[in-house]
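The values are calculated or read from the model by the stated rules, or taken from the named source; none is laboratory data. Please read these numbers as outputs of a predicted model, since none were measured by experiment. Here the Cβ positions follow ideal geometry from the backbone for every residue, glycine too, while neighbour counts run over all protein chains shown.
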Amino acid sequence: MIDEFRKLLGKKYNVKIIKYERPENQSLGEAAHIDLYILSIAEHAIVNCPSTFSAFAKRQRDIREKSTDFWGIENDKLTNEPKSD
């Protein structure tokens, strides 16, 4: 699937799509921390709403004022502001 993303999105939007390949001698827990770090510092991230990792990364990204999108949700519909009627 990563190759399809690279082919379809990489050229069209001039983005670099990466995937961290966990070395065999690295535990899943260590790899999880690296995944979280990459999500937190990337120029832009597309994350999944129900994911705990996404929630942590989104908070870190908000602090650093980095852009984040969510799969299947239009960005202009996202807000942290309370609705005022």
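Mind listing whichever residues of the range 1-37 are closer than 15 Å to Asp69 by Cα and in contact (Cβ under 8 Å) with a residue 12 or more places away in the chain?
The initial filter retains those residues of the range 1-37 that are closer than 15 Å to Asp69 by Cα, namely 9, 13, 15, 17.
The answer is Val15, Ile17.
Does Thr52 fit the bill of being hydroxyl-bearing (Ser, Thr, Tyr), surrounded by 12 or more Cβ atoms within 10 Å (Cβ to Cβ) and at pLDDT 85 or above? Break it down stepwise before answering.
Working: hydroxyl-bearing (Ser, Thr, Tyr): yes; surrounded by 12 or more Cβ atoms within 10 Å (Cβ to Cβ): no; at pLDDT 85 or above: yes.
It is false that Thr52 is hydroxyl-bearing (Ser, Thr, Tyr), surrounded by 12 or more Cβ atoms within 10 Å (Cβ to Cβ) and at pLDDT 85 or above.
Those residues that are farther than 16 Å from Tyr20 by Cβ and either under 9 Å from the mean Cα position of the chain (by Cα) or of a type in the set (Gly, Ala, Ser) (or both), I need them from the range 37-50; list them, please.
Within the range 37-50, His44, Asn48 qualify.
Starting from residues that are of a type in the set (Asp, Glu) and more than 14 Å from Ala45 (Cβ to Cβ), keep the ones in the range 1-35 and report whichever is modelled with the lowest pLDDT. Spell out how you get there, then give the answer.
Start the filter on the range 1-35 by keeping residues that are of a type in the set (Asp, Glu), which leaves 3-4, 21, 24, 30, 35.
Then drop every residue that is not more than 14 Å from Ala45 (Cβ to Cβ), which leaves 3-4, 21, 24, 30.
Details: Asp3: 88, Glu4: 88, Glu21: 84, Glu24: 90, Glu30: 88.
Only one residue tops the list, namely Glu21.
Would you check which residues across the range 1-36 are outside any helix (DSSP H, G or I) and aromatic (Phe, Trp, Tyr) and list them? So that I can check it myself, show each step before the final result.
The initial filter retains those residues of the range 1-36 that are outside any helix (DSSP H, G or I), namely 1, 14-27.
Result: Tyr20, single match.
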